[in-house]
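For reference, the structure is listed below as structure tokens.
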Amino acid sequence: MAKAARNESARSTSAQTGKDSEGTIRFSMANWILLGAGLLTVVLGYVLLSGGSRVAAPLLLVLGYLVLIPLGIIR
């Protein structure tokens, strides 16, 4: 009986934290979408940077590296 209660408690804790019983992180679809958007933003920023953009490229790089990719990891 106590073992079943511990297993149920572990399941509810892992559902809240996004980690399984081994401590590894499980990404949801929202995580993958944010990481993909961050990667796409960074690539587009470097493409624009190679083309000579002085405004849009740095903004896209900052958005990708400092906003979208961290959100994809911690969400």
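Applying the set (1) modelled with pLDDT under 85; (2) surrounded by 13 or more Cβ atoms within 10 Å (Cβ to Cβ) to N7 leaves exactly one unmet item: (2).
Could you go through the range 42-49 and let me know if any residue there is modelled with pLDDT of 95 or more, β-branched (V, I, T) and touching a helix residue (DSSP H, G or I) at 6+ places or on another chain (Cβ under 6 Å).
Our first condition is that a residue be modelled with pLDDT of 95 or more; within the range 42-49, this holds for 42-49.
Restricting the remaining residues to those that are β-branched (V, I, T) gives 42-43, 47.
Next, only the ones that are touching a helix residue (DSSP H, G or I) at 6+ places or on another chain (Cβ under 6 Å) stay: 42.
Looking through the range 42-49, at least one residue is modelled with pLDDT of 95 or more, β-branched (V, I, T) and touching a helix residue (DSSP H, G or I) at 6+ places or on another chain (Cβ under 6 Å).
Scanning the range 36-73 for residues that are without any contact (Cβ under 8 Å) to a residue 12 or more places away in the chain, part of a helix (DSSP H, G or I) and of a type in the set (S, T, N, Q) yields one hit, S50.
When the residues of the range 14-35 are narrowed to those that are assigned to a helix (DSSP H, G or I) and modelled with pLDDT under 95, which ends up nearest to L71 (Cα to Cα)?
Taking the candidates together, the pick is T17.
The values are calculated or read from the model by the stated rules, or taken from the named source; none is laboratory data. Model, not experiment: these values are computed from the prediction. Quick reminder, even Gly has a Cβ in these numbers, built from the backbone with ideal geometry, and neighbours come from all protein chains shown.
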